[in-house]
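Right, one structure below, let's go through it.
The values are calculated or read from the model by the stated rules, or taken from the named source; none is laboratory data. Model, not experiment: these values are computed from the prediction. Ideal geometry is used to build each Cβ from the backbone, glycine not excepted, and the neighbour counts take in all protein chains shown. Side chains included, ligands, DNA and RNA excluded: accessible areas come from the protein's heavy atoms. Shrake-Rupley method; radii C 1.70, N 1.55, O 1.52, S 1.80 Å.
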Amino acid sequence: QVQLVESGGGLVQAGGSLRLSCAASGSIFSINAMGWYRQAPGNQRELVASITSYKITNYLDSVKGRFTISRDNAKNTVYLQMNSLKPEDTAVYYCNLKQHGSSAWGQGTQVTVSS
């Protein structure tokens, strides 16, 4: 069993910044991938950024250069620093952890960017 607890969402003006955090607990293996997905109303959930245990990262094209994903392996925590936010970044952001063929999700945190 894996539990993911997200924090850091909120309301921000366009051009502003937010930092999301996700702490994982439970049965965590040393080799895994953590990531952030988002889902806006009427849209499918999409991968925003991911990072492996070896710190290999992957980003959605539209956030490259603006968002940075990082992780603290000792704390089983992943972060998403979001800069230069745009109204189109508005969505519920979900934390995800994949390991040994399983996938766990957080409850989601709302990010709203006003124009």
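How much of the accessible area of the chain, probe 1.4 Å, is carbon plus sulfur, in whole percent?
The nonpolar share, carbon plus sulfur, comes to 50 percent.
So if R0 is 25 Å, what FRET efficiency would Lys64 and Ser102 give, r being the distance between their Cβ atoms, rounded to the nearest 0.05?
Once the sixth-power term is evaluated, E becomes 0.30.
Residue-wise, which Karplus ³J(HN,Hα) couplings in Hz belong to the range 88-105, taking 6.51 cos²θ - 1.76 cosθ + 1.60, θ = phi - 60°, and x for glycine or proline?
These are the phi-based 3J(HN,Hα) values: 6, 7, 4, 4, 8, 9, 10, 8, 9, 10, 10, 7, 6, x, 10, 9, 10, 10 Hz.
In the Gaussian network model of the chain, springs joining C-alpha atoms below 10 Å, which of Gln44, Gln81, Gln13 carries the largest mean-square fluctuation?
Looking only at Gln44, Gln81, Gln13, the biggest GNM fluctuation is shown by Gln44.
Mind checking the log10 I(q)/I(0) for the range 51-115 at q = 0.15, 0.16, 0.24 Å⁻¹? Debye, one equal scatterer per Cα, no solvent, two decimals.
Log-scaled intensity ratios, in q order: -0.55, -0.63, -1.25.
Among Arg71, Arg38, Arg19, whose mean-square fluctuation peaks in a Gaussian network model of the chain (Cα, cutoff 10 Å)?
Greatest mean-square fluctuation among the candidates belongs to Arg19.
Residues of the range 1-27 with backbone nitrogen within less than 11 Å of a virtual label 7 Å along the Cα-to-Cβ line of Thr112, please, listed as ranges.
The answer is 10-12.
Please compute the net charge surrounding Arg38, taking Lys and Arg as +1 and Asp and Glu as -1 over other residues with Cβ under 12 Å from its Cβ.
Overall, the nearby charge balance is -3.
Leaving ligands and nucleic acids out of the surface, order Val12, Val78 by accessible area at 1.4 Å, largest first.
The ranking, largest first, comes out as Val12, Val78.
Under a point-charge model restricted to the Cβ atoms of Lys and Arg (+1) and Asp and Glu (-1), what is the dipole moment magnitude of the range 27-97 relative to its Cα centre, in debye to the nearest 20?
Value, rounded to 20: 140 debye.
Which of Tyr79, Tyr94, Tyr54 moves the most in a Gaussian network model of the chain with Cα springs under 10 Å?
Tyr54
How large is Rg over Rh for the range 2-60, taking Rg from the Cα atoms and Rh as the Kirkwood inverse mean of 1/r across Cα pairs?
On the way: Rg = 13.5 Å, Rh = 13.4 Å.
Rg divided by Rh gives 1.00.
What are the lysines whose alpha-carbon lies under 26 Å from the alpha-carbon of Lys55, with same-chain residues fewer than 8 places away excluded?
Cross-link targets: Lys64, Lys75, Lys98.
Report, to two decimal places, the Cα Rg of the chain normalised by 2.2 N^0.38 Å (N = number of residues).
1.00
Per residue, how many Å² of accessible area does the chain show with a 1.4 Å probe?
Value returned for the chain: 52 Å² of accessible area per residue.
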